[in-house]
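The values are calculated or read from the model by the stated rules, or taken from the named source; none is laboratory data. Every value quoted in this text rests on a predicted model; they were computed, and no experiment measured them. Neighbour counts are summed over all protein chains in view; Cβ atoms, including those assigned to glycine, are modelled from backbone coordinates with ideal geometry.
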């Protein structure tokens, strides 16, 4: 088939191009510009080349040490919440009713945490966990657990993780539920006929059919948790010490606390790049997971 | 392997207290012989899928019992009943290979690996699936997928029956024919009771040795294809089976005579005096009505059009408001738009309120 060539089509792309340019490309280029320079305020800038990037990746410098430590914490945090929220979300979705009035009730209850703004979630848990007036903190201490997220690192981590699970498991559950709902009844009936156990039904039907939505869920939850800022900032402020200081918190400290725009710009570029790469890897791996691999003839 | 008996079986989706007329399946009592090839034939919504799902246990009946070899299995779950079912749309376990798909029903029942492999191999051979055994099932064509579904239905050798719920709907017409012959061959080979649901009469008549016709939640007739054709027990059967369907004409019947529009048609049997207040009709297949030149002794009709089916021509005619189809005898050419109709008395049946009335010879 011959393609029709019509240069006027470029005009149709122009609005999108302009919007994206002003909302994304130009600000990003400003950041790239900053990342190559140093400033001492007063709008005076000095060329620094790739100096910040070198420092960023060298753990012996102050910047590099802080970045790599917070990056490690962030990856650990994302791994933990994914390991909890994905299986938990699947379990919640599986145990939800399939029809009747209770479906609507479940959906509303599940959606509630998702509707609460981040800083409100942070505030809720900040108060909830306080040993003096918070319901959770008070009860735990009363029962003999020495729980205090302000002074104990482990307690701070547990609080931040439980808060994230509370806030976001619903998202995974809702996505999985949508995936489950799209499975035709015939599959369950066929499985019954085939004498499949509950576990076999899950493994052979439900999990493969949830594949796609789980990919989306994992991507969303990874990106969100890797960018997390507000909730831990409100609850722990990154403490005690630096124990819950994630990359974003570190970034804000450098950019707005110390006004080191060059360092902050370099850090945010690397941060951005990591998210892009990880998402790309996730996506490629998971979309190829279900596809056919060459099978040897005669293999069992 | 078993004989299946349905005893007063009925199903209502809106509860047992719903009015009997609203039942999806009205009470039915019948027997399915071990090793038979049955077709459940009827239009959409006539209750045939409901009946099938009751037998397989996907639906629990509102009333009545199901017996396998005389044993009441009504309360048993699908898993515990020894039954296989193939659905309208192919059901494939995506993560498994074709071979694993076929082995799934056997593995779930804890059958030894050697036996599973042998059986899978046999079924794959019969269905021409052997080259695909190690392939993932997801990327195959619709008919290959449906073959896998069929295979999973047939792979268990000990089932009481294999139920097919319009399994060839998604298959191309050319392959449909092949698969149907394949099924028929499999039936002979495997000695399984098969119940095949369809709304396509050709499919039913070619597959089954007993066709069960359903209409509006009732089983209206069950018999061989020839019986259904020659002596429909219900006007619906006459109309639904055959192409074109049976002519149903309101008439007055007494003794050896039927009267249409005052014109008398002779009957082979004596019907005596039929009860008053019932709707009396005669039914005759188009194959047994011939058009002829108008003559004073013949029932005359207006010709509307001629359908040429190649080997045979049917004239569509009208008597008053009643439409009929009639055979055009070979070599007969129609002139004008009226014709006389010649009925073959041996094949004229009498129906009272849609049910066949048996005359006395």
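Observations on the model:
- Only listed residue being modelled with pLDDT of 85 or more, at the interface with chain A (Cβ under 10 Å from one of its Cβ atoms) and farther than 20 Å from residue A:194 by Cβ, chosen from B:131, B:75, B:105: B:131
- Scanning the stretch A:188-204 for residues that are part of a helix (DSSP H, G or I), facing chain B (nearest Cβ under 7 Å) and surrounded by 20 or more Cβ atoms within 10 Å (Cβ to Cβ) turns up A:189, A:190, A:193, A:204.
- Residues in the stretch A:127-153 that are in contact (Cβ under 8 Å) with a residue 40 or more places away in the chain, surrounded by 15 or more Cβ atoms within 10 Å (Cβ to Cβ) and assigned to a loop (DSSP other than H, G, I, E, B): A:129, A:149, A:150, A:152.
- Filter result for residue A:157 (closer than 28 Å to residue A:72 by Cβ, free of Cβ contacts under 8 Å to residues at least 60 places away in the same chain and not in a loop (DSSP other than H, G, I, E, B)): no
- In summary, residue A:229 fulfils each of the numbered conditions (1) away from every other protein chain (no Cβ under 14 Å); (2) crowded, with 20+ Cβ neighbours inside 10 Å with the single exception of condition (2).
- Among the conditions (1) away from chain A (no Cβ under 13 Å); (2) surrounded by 15 or more Cβ atoms within 10 Å (Cβ to Cβ), residue B:111 misses just one, which is (1).
- When each of B:248, B:280 is tested for being in contact with a helix residue (DSSP H, G or I) (Cβ under 7 Å, 6 or more places away or on another chain) and at pLDDT 85 or above, the lone residue that passes is B:248.
- Among all positions in the stretch B:7-26, there is no residue which is within 25 Å of residue B:150 (Cβ to Cβ) and either within 14 Å of chain A (Cβ to nearest Cβ) or crowded, with 18+ Cβ neighbours inside 10 Å (or both).
- Residue B:124, sole failed condition from (1) within 30 Å of residue A:210 (Cβ to Cβ); (2) touching a helix residue (DSSP H, G or I) at 6+ places or on another chain (Cβ under 6 Å); (3) within 12 Å of chain A (Cβ to nearest Cβ): (3)
- Residue in the stretch B:180-197 that is surrounded by 20 or more Cβ atoms within 10 Å (Cβ to Cβ), in contact (Cβ under 8 Å) with a residue 40 or more places away in the chain, under 13 Å from the mean Cα position of the chain (by Cα) and assigned to a helix (DSSP H, G or I) present: no
- All conditions in (1) on the phi > 0 side of the Ramachandran plot; (2) in a helix (DSSP H, G or I) hold for residue A:42, with the sole exception of (2).
- Enumeration of residues in the stretch A:91-115 that are surrounded by 14 or more Cβ atoms within 10 Å (Cβ to Cβ) and more than 28 Å from residue A:156 (Cβ to Cβ): A:93, A:94, A:96, A:103, A:106, A:107
- The one condition from (1) crowded, with 21+ Cβ neighbours inside 10 Å; (2) under 17 Å from the mean Cα position of the chain (by Cα); (3) away from chain A (no Cβ under 14 Å) that residue B:49 does not meet is (3).
- Odd one out for residue A:16, checked against (1) in a helix (DSSP H, G or I); (2) touching a residue at least 40 places away in the same chain (Cβ under 8 Å): (2)
- Residue match in the stretch A:246-255 (condition: at pLDDT 85 or above, more than 14 Å from every other protein chain (Cβ to nearest Cβ) and part of a loop (DSSP other than H, G, I, E, B)): yes
- Members of the stretch B:135-153 that are in contact with a helix residue (DSSP H, G or I) (Cβ under 6 Å, 6 or more places away or on another chain) and within 12 Å of chain A (Cβ to nearest Cβ): B:135, B:137, B:148, B:151, B:152
- As for the stretch B:78-90, it holds at least one residue that is surrounded by 23 or more Cβ atoms within 10 Å (Cβ to Cβ), closer than 19 Å to residue A:192 by Cα, out of contact with any strand residue (DSSP E or B) (no Cβ under 9 Å at 6 or more places or on another chain) and within 14 Å of another protein chain (Cβ to nearest Cβ).
- Within the stretch A:62-90, the set of residues being surrounded by fewer than 15 Cβ atoms within 10 Å (Cβ to Cβ) and over 21 Å from the mean Cα position of the chain (by Cα) comprises A:62, A:65.
- Filter pass, residue B:56 being loosely packed, with under 13 Cβ neighbours inside 10 Å and either within 11 Å of chain A (Cβ to nearest Cβ) or modelled with pLDDT under 85 (or both): no
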